[in-house]
Every structure is written in C-alpha cells, then in structure tokens.
Amino acid sequence: MLDWRQVRRYVQEMADYARDRLRTHPPTLRYALSLLHRFSEDLERLQRMAREALRAGWRGAIPWGEPLAARFPLPAEQPQALVIAADGSQIYPDRHGTVPYFVLNIGLIEMRPGSGAPPQTWHHLVFWYREEELFTEDGEMRALNDLEAERDIQELEQLAAAMARRAGDPFGPPVGLADGLLLPWALARGEPFAAVSAERYRELFRRAVVALESAKETGGAIAGYVDRPTGHAVLRLLALGLLDPDEISREKIADYPFGQLRDRALFAELLRPGERSALFAPNWPINDHLEREGHRLLFFYLNVGTEGRPHLARVEIPEWVAQDRARLDRLHRAIWDQCRILAEAPYPYLLTRAHELARIRSEERKQLEGMIQEALLRRGLHVSISAKARQKEWLGG
Amino acid sequence: MATTRQRSNPSAGPAFIGRVIESSARTFLVGCRLTAEDIPAFGSFVQTARGETTIIGIIYDLVLQGDELTRMVALQDVPPQEIQQDMIENRNIPVQIGVLTLGYMRDRFTYYGIPHQPPALLEPVYTCLPAQIQRFTEQPDFIRTLVEAREASDDVLAAVVRAAAAVRPGPHRRDFLIQIGRELVRLLADEPTRLGQVLRRIRMTAEAP
C-alpha cells in the first residue's frame with residue numbers, strides 16, 4: 001500500500017516539473033521546425049553526413065528521398081480495402097506457480113469496410129510447457145526478453161500468414177496492421193543489445209524476413225502502428241545537419257540542442273489531419289541486413305487527429321511498400337479510416353479489437369491455473385505453489 | 001465477470017452462463033460476458049448451488065452494459081454496418097442477468113420458495129436441462145412466487161409458463177397449461193383484470209412459433 005502523504009508531495013512536484021518543461025518547449029519547437037524547412041531539400045548532404053556520423057555512434061533517421069518538410073495529403077477513399085490486424089499477449093512462466101508454462105495468445109481480426117459484413121475474428125494459441133521450450137541449455141528459465149521476442153515474432157508471422165490467406169482476394173490486396181513496432185524490439189535493438197543469444201537473434205531475423213517476404217507476395221501492405229511515439233530520430237537528423245561535415249565527432253553529436261522534444265511534437269506542428277510526413281529510414285544496425293534482404297525498414301508520421309487536436313502516430317513499413325505508391329496510399333487511407341471509427345480516441349479500430357481478443361483477463365488466468373491443478377491432481381500429481389505465491393494470494397495479489 | 005461460455009447444446013450438460021455477483025434471499029445477479037446470440041431469454045430456467053442444495057430460478061431481467069468501446073462507436077452519427085455487426089456478433093459484452101429464485105432441490109426433493117441461504121458469491125450459474133425444468137414444474141406451486149414477485153412482470157410470468165410447457169410433449173403440454181391456468185385463477189381470484197391479461201399473454205406466447 002502507498003503512503004499517500006509522500007505520494008501527494010511527489011505528485012505536486014511532478015506537476016510543477018511538467019508545467020515548467022512545457023513552458024520551455026515552444027522556442028525549441030519553433031527552432032526545430034525552422035530547421036526542418038531549411039534542410040528540407042538538403043537530402044544528399046544529410047544522407048552523406050548520416051553515413052559519416054554512423055561511425056561516431058550517431059543514431060537517427062536517414063531521409064529516404066522525400067523533402068523533409070513534405071506533407072502528403074490523405075489519399076482518395078478506396079472503393080474496397082481488406083484490413084487485418086494482430087496483437088498478442090502472454091502469461092509468463094511463474095517460478096512461484098504450480099508448474100512453469102508460457103501461454104501466448106494472438107488475436108486476429110479481419111474487416112472488409114463497406115461490405116456490411118461483420119469482421120472475422122480468430123485466435124492463435126501457443127502453449128509451452130516442455131523443458132526444451134521453457135529452459136535454455138544451461139538449465140536457466142528463458143529470459144523475459146526472449147519470450148517477448150517470441151510474442152513479437154509470432155504476431156508478425158501470424159499477421160503475414162493471415163495476409164497470405166487473402167492473397168488474390170476479390171476485395172483487393174490486404175492491409176496488415178501490427179500493434180507497435182513492425183519487428184521484434186530485440187531485433188530492432190541490434191544483436192549486442194538484444195539480450196538473446198547470437199543464434200537466437202539470427203533465428204528471429206530469419207523468421208522476420210520470411211514473414212515479410214510472405215506479406216510482400218500478397219501484393220498488399222504491412223505496417224507497425226506506434227501510437228504516441230516517443231522517438232526523436234528526425235530531430236537527431238536536424239541536429240546533425242547543423243554540424244560542419246568535417247567536425248562530426250562523438251562530442252559534437254552529444255551536443256544535442258532539442259532536449260526532451262520529440263518528433264511527434266515537431267510533426268504535430270507540420271501536418272494537418274490526414275497528412276503523412278516524408279519517409280525516413282531508422283539507422284538501426286539491423287536495417288543494413290534488412291536492406292540486403294529487400295526489406296529495409298522505413299517510417300513516416302501520420303496525423304490521425306482532428307483540426308486543432310493533432311494526434312501523431314509513427315507507421316513503420318518495409319521499403320517495398322514505399323516503392324509502390326498504390327500500396328502506400330492504400331495503407332495510409334486504411335489507417336486513417338480505421339482511426340475515424342473511434343474519432344474521440346484516434347487509434348485503429350481493428351487494433352483495439354485485436355488487443356481485446358488477445359488480452360488474457362485475470363479471471364481467465366485463474367481459471368487456467370485451476371484447470372492445470374485439477375488435471376495434475378487427477379493424475380495423482382500433488383502440486384503446490386511457493387510460500388511467496390501463497391502469501392500473495394492471501395493478500396489478494 | 002465470468003468469461004467462459006459454452007454454447008447451449010442439449011446433448012451436452014447444462015450450459016455455463018456466468019457467476020453470481022450479488023445475492024439476496026429472493027433474487028441474485030449473474031455477471032457474464034456474452035455475444036448477442038448467446039444471451040439467454042427472459043423466463044429461462046437457471047440453476048446454481050449452495051452446498052448440497054440446487055437453487056432454481058428464472059431470468060427476469062437482462063442488462064447489457066455498454067463499455068468504453070461501445071460508447072465511442074456510439075458517438076458516430078452512423079457507425080459503419082460492419083462495426084455494428086462486430087459489436088453484436090463478435091464482442092463479448094458485459095451482461096448482468098437478474099434471477100428470481102423460485103425454489104430449490106435437495107436429496108431428490110423439490111421445495112418451492114426461498115432456500116435457507118442465498119447462493120454464494122461467484123458461484124457458477126448454468127441453464128437448466130429440460131428434465132430438470134419438467135421435474136421442478138411438476139407441481140404448479142412455483143407460480144405463486146412469480147405472481148407475488150415485484151421484480152417479475154406478467155410478461156416474464158407468461159414466458160416462464162411457455163418455457164415450462166415447451167419441455168413437455170404435445171398432450172402433456174396441454175394438460176400442463178390447463179393446470180397452470182387453474183392455479184392462476186385460484187391465485188388471482190381477487191384480480192380479474194390482471195388474470196385476464198395474464199391468461200391472454202400465456203395463450204399468445206404458447207401459440208407463438
């Protein structure tokens with residue numbers, strides 16, 4: 001339980017801090033916006049500098065070829081669009097529980113806007129309980145990072161598989177939406193920081209490439225939808241643009257002028273409702289490998305809000321979506337239409353529903369635990385939870 | 001709210017509906033999440049337990065609780081047809097079911113009226129099988145509780161009679177309805193207008209397809 005006297009003091013301090021931070025933003029934001037326009041056509045210089053800066057440890061966004069301050073209007077309404085969304089949730093193995101197991105529940109939903117037909121929903125369930133599934137070779141239980149990566153890669157695989165089932169559908173090529181990053185976070189972070197073994201990293205990479213290839217062959221578009229993104233990759237590019245190409249160094253790169261400003265604040269100023277930004281490529285180490293496989297990752301910002309109430313999302317796509325304007329426009333329009341369904345909280349309706357389908361409720365967790373205990377008891381196996389878990393049960397969680 | 005559900009299947013056992021979330025001597029509330037097609041009808045017989053006692057009741061009220069997603073969709077002037085269908089056919093929406101206790105069964109005996117104790121909270125609630133309904137309604141005494149209950153309208157009373165008649169084969173159904181009619185005449189002797197309305201409703205529901 002919380003000591004509310006202490007909490008109250010911290011909450012007041014936190015609110016003061018947030019107010020002060022907000023006050024310092026406008027000049028910084030105006031400055032960043034002026035740079036976005038100033039460097040808008042400076043693509044070759046920025047691309048050259050970004051390659052150079054990589055060696056000095058710079059992390060940011062590389063322009064893909066569109067002017068930095070470009071605004072792409074909402075494409076015309078699509079006569080037909082088949083949209084599929086996927087999301088996953090899990091029950092991690094509990095070393096205080098009866099027996100260790102890992103449950104992964106992926107919810108998928110498919111909708112044909114304008115058809116009048118109810119969306120189709122289905123689940124993909126993964127249930128791991130064998131030693132070789134839950135433990136590493138040295139007998140340690142798999143790390144949470146590893147299991148999270150499994151959830152992420154299976155989400156991508158299931159989404160791509162659902163799209164593949166709809167290849168050639170008379171309703172048109174499918175648009176597949178994943179919640180959050182398109183690739184598992186472990187992959188995006190790069191091998192040294194992925195917190196999984198090199199072999200596992202390579203396995204995840206292979207699986208991601210196969211899934212993306214399968215999505216590509218459908219003729220449709222696949223994307224990761226990041227709501228309220230916190231990245232500042234474009235701002236880092238603008239900061240880089242301020243440097244003299246001959247003075248790029250770790251020290252100069254560390255001298256970053258935008259503080260806690262985020263890309264989304266910058267593009268909220270630039271983009272009108274429905275408009276998308278230029279395309280950028282994150283310079284994650286994985287992106288070179290993906291490029292070699294034909295799936296270099298790009299992103300753009302999209303204002304899914306309304307006039308006076310901007311709401312920015314970052315949309316991640318493989319390069320082949322960007323190279324085909326029809327695919328890109330279909331995706332752009334589909335996301336906008338999805339966000340209009342819940343206009344008060346602009347977020348793709350199907351991702352909300354996929355999340356709802358994937359979510360494992362606390363009652364369901366309890367029910368599953370009871371079912372496991374009963375099945376074990378019927379086989380004469382006496383099971384018990386740890387003393388710590390029992391105390392938690394007594395205290396109601 | 002309980003989330004597990006089984007579609008009604010006469011060849012299987014009783015279908016799980018939900019769990020008791022509020023309980024008193026005469027009524028209890030069942031909380032569950034159901035799609036529109038799985039929501040049981042008014043007047044359906046349900047059962048729950050208190051120890052060795054099986055408590056029998058009927059559904060007299062249903063409250064479909066819209067959640068935040070329902071409310072946000074409703075803010076649209078005309079929600080797309082697909083979304084409306086999704087809400088109705090796919091989503092498990094929270095439902096509260098009001099149940100009026102009619103009696104209980106213990107040691108192979110049937111008792112009408114309130115049990116010694118109400119059902120415990122979170123006790124599972126199931127539909128009744130046709131054989132259980134037939135056995136429980138063998139005597140017309142269950143009607144008294146329905147006639148006197150403030151909670152259940154005469155429409156619910158008629159629906160209950162219809163549900164109990166429906167589990168009986170043709171000739172027995174007619175006998176059962178006559179028996180119930182006589183009981184109603186006895187119970188509502190001082191309320192001829194209401195009696196007429198109730199009998200008309202029963203006739204209408206019994207003749208309905």
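The values are calculated or read from the model by the stated rules, or taken from the named source; none is laboratory data. Because the structure is a prediction, the values reported are computed rather than measured. Note that we place each Cβ from the backbone using ideal geometry, even for glycine, and neighbour counts take in every protein chain shown.
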So in region A:105-161, with the set limited to residues that are within 14 Å of chain B (Cβ to nearest Cβ) and among the polar types (S, T, N, Q), which one is farthest from A:Leu181 (Cα to Cα)?
A:Ser115
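Out of A:Leu144, A:Leu177, which single residue is within 19 Å of A:Glu319 (Cα to Cα), touching a residue at least 12 places away in the same chain (Cβ under 8 Å) and either hydrophobic (A, V, I, L, M, F, W, C) or in contact with an Asp or Glu (Cβ under 7 Å, 6 or more places away or on another chain) (or both)?
When all the criteria are applied, what remains is A:Leu177.
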Criterion (away from chain A (no Cβ under 14 Å), buried (at least 17 other Cβ atoms within 10 Å of the Cβ) and out of contact with any strand residue (DSSP E or B) (no Cβ under 7 Å at 6 or more places or on another chain)) met by exactly one of B:Leu129, B:Leu34
B:Leu129
Among (1) within 11 Å of chain A (Cβ to nearest Cβ); (2) under 30 Å from B:Arg26 (Cα atoms) - the single one B:Val73 does not satisfy
(2)
Considering every residue within region B:101-109, establish whether at least one is more than 14 Å from every other protein chain (Cβ to nearest Cβ), surrounded by fewer than 17 Cβ atoms within 10 Å (Cβ to Cβ) and of a type in the set (Phe, Trp, Tyr).
yes
Filter pass, A:Glu393 being at pLDDT below 70, away from chain B (no Cβ under 11 Å), assigned to a helix (DSSP H, G or I) and within 14 Å of A:Gly97 (Cα to Cα)
yes
Flagged in region A:190-209 as in contact (Cβ under 8 Å) with a residue 24 or more places away in the chain and either closer than 20 Å to A:Gly294 by Cα or among the acidic types (Asp, Glu) (or both), in numbering order, are A:Gly190, A:Glu191, A:Leu204, A:Phe205, A:Arg207, A:Ala208, A:Val209
Which pairs have Cβ atoms under 8 Å, sit 6 or more apart or on different chains, and link a residue in region B:64-82 that is more than 17 Å from A:Pro348 (Cα to Cα) to one that is surrounded by fewer than 19 Cβ atoms within 10 Å (Cβ to Cβ) and modelled with pLDDT of 85 or more?
B:Leu64/B:Ile39; B:Leu64/B:Pro94; B:Gln65/B:Pro94; B:Gln65/B:Gln96; B:Gly66/B:Ala74; B:Asp67/B:Pro94
Step by step: first the residues of region A:323-348, then only those that are more than 17 Å from A:Gly180 (Cα to Cα), more than 8 Å from chain B (Cβ to nearest Cβ) and of a type in the set (A, V, I, L, M, F, W, C), then the one that is surrounded by the most Cβ atoms within 10 Å (Cβ to Cβ). Which residue is that?
A:Leu328
Among the residues of region A:48-66, which ones are part of a helix (DSSP H, G or I), of a type outside the set (Lys, Arg) and surrounded by fewer than 16 Cβ atoms within 10 Å (Cβ to Cβ)?
A:Glu52
Among the residues of region B:53-70 satisfying the criterion of being touching a strand residue (DSSP E or B) at 6+ places or on another chain (Cβ under 8 Å) and modelled with pLDDT under 90, which is farthest from the other protein chains (Cβ to nearest Cβ)?
B:Leu64
Determine, yes or no, whether A:Gly107 is surrounded by 15 or more Cβ atoms within 10 Å (Cβ to Cβ), in a strand (DSSP E or B) and not hydrophobic (A, V, I, L, M, F, W, C).
yes
Taking strands (runs of 3 or more DSSP E) that do not extend beyond region B:90-209, which have at least 3 residues that are of a type outside the set (Val, Ile, Thr) and either under 30 Å from A:Gln120 (Cβ atoms) or touching a residue at least 40 places away in the same chain (Cβ under 8 Å) (or both)?
B:93-106
What number of residues within region A:349-359 are surrounded by fewer than 16 Cβ atoms within 10 Å (Cβ to Cβ) and within 10 Å of chain B (Cβ to nearest Cβ)?
0
Out of B:Pro80, B:Pro140, B:Pro118, which single residue is at negative phi, surrounded by 18 or more Cβ atoms within 10 Å (Cβ to Cβ) and within 14 Å of chain A (Cβ to nearest Cβ)?
B:Pro80
Could you grab me the full set of residues in region A:256-290 that are free of Cβ contacts under 8 Å to residues at least 24 places away in the same chain and not aromatic (Phe, Trp, Tyr)?
A:Asn287, A:Asp288
